[in-house]
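No lab work stands behind these numbers, since they all come straight from the coordinates. Note that this is a predicted model, so its numbers are computed, not measured. Every residue, glycine as well, gets a Cβ built from its backbone with ideal geometry; the counts of neighbours run over all protein chains shown.
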Amino acid sequence: MTEELEKYVLSHSAPEGDYLYRLYRATNIHTIHGRMASGHLQGRLLKMFVEMIRPKNILEVGTFSGYSAICMAEGLAEIAKSTGQQGKRTDGAKESGDNNVIGKIWTFEINDEMEDFTRPWLEGSPVAEHIEFRIGDANVEAPKLGVEFDMAFVDGDKRTYVETYEMVLKLMRPGGFILADNTLWD
């Protein structure tokens with residue numbers, strides 16, 4: 001993307017909130033591969049996809065610092081707010097076994113060394129109730145959840161993308177959406 005095009009797109013996108021700005025900055029200061037964080041433009045795109053698709057359950061493979069998970073959770077929170085449910089079920093039924101929250105992201109990070117950095121950011125976010133952060137191999141652990149997903153965002157180990165895609169496909173509801181990051185990068 002040219003600098004001019006990026007400037008145009010950003011000028012027509014929602015601003016990056018203070019919390020996400022601080023997370024992105026901390027990611028770039030305190031991690032070795034800060035460029036792996038989704039960032040403002042991709043984050044707004046993910047939030048928009050969530051608001052358009054309106055998924056109940058999202059699977060994210062590859063949490064890294066949590067930027068993308070928070071952006072998708074913002075979309076879930078907006079859906080809950082627009083439907084007057086404020087993130088909670090009103091009919092008393094359990095939602096995927098987790099805190100009666102409408103809309104949930106299960107996000108997996110295989111690198112356990114990221115947990116001390118990422119967990120406080122996710123748990124301290126304004127949309128924490130929508131995020132279930134797990135350390136482990138999503139290819140092994142996600143099928144054990146027993147959850148059918150409406151949307152998946154694959155942004156994990158590029159060497160296992162084929163295996164991850166095949167795993168995710170088995171967990172998706174018919175007509176679900178799979179987004180894959182970095183398919184054309186490097």
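Here are a few things to note about the model shown:
- As a length-normalised measure over Cα pairs under 8 Å and 6 or more apart, the relative contact order of the chain settles at 21 percent.
- Dipole moment magnitude, nearest 20 debye, the stretch 116-165 about Cα centre, only Lys, Arg, Asp, Glu C-beta charged: 140
- 3J(HN,Hα) from dihedral phi, the stretch 109-123, Karplus parametrisation 6.51/-1.76/1.60, rounded to Hz, x for glycine, proline: 10, 7, 7, 5, 6, 7, 4, 4, 7, 6, 4, x, 5, 5, 5
- Annotation: amide H-H contacts under 5 Å for Phe149 (H modelled 1.01 Å from N, sequence separation of 5 or more, or interchain): Met172, Arg173.
- Checking the Cα-Cα distances for Lys47/Lys158; Lys104/Lys170; Lys7/Lys56; Lys81/Lys158 against a 30 Å cut-off, the pairs over it are Lys7/Lys56; Lys81/Lys158.
- Pair Asn111, Asp18: separation of 7 Å Cα→Cβ label points (nm): 2.9
- In this Cβ point-charge picture (+1 for Lys and Arg, -1 for Asp and Glu), the chain has a dipole of about 500 debye about its Cα centre.
- Inverting the pair-averaged 1/r between distinct Cα atoms of the chain gives 16.8 Å as its Kirkwood hydrodynamic radius.
- Tensor-based shape of the stretch 141-182 (alpha-carbon gyration tensor, a/c under 1.5 rounded, otherwise prolate or oblate): oblate
- Amide proton proximity set for Ile105, modelled H, under 5 Å, gap of 5+: Ile58, Ile131, Glu132
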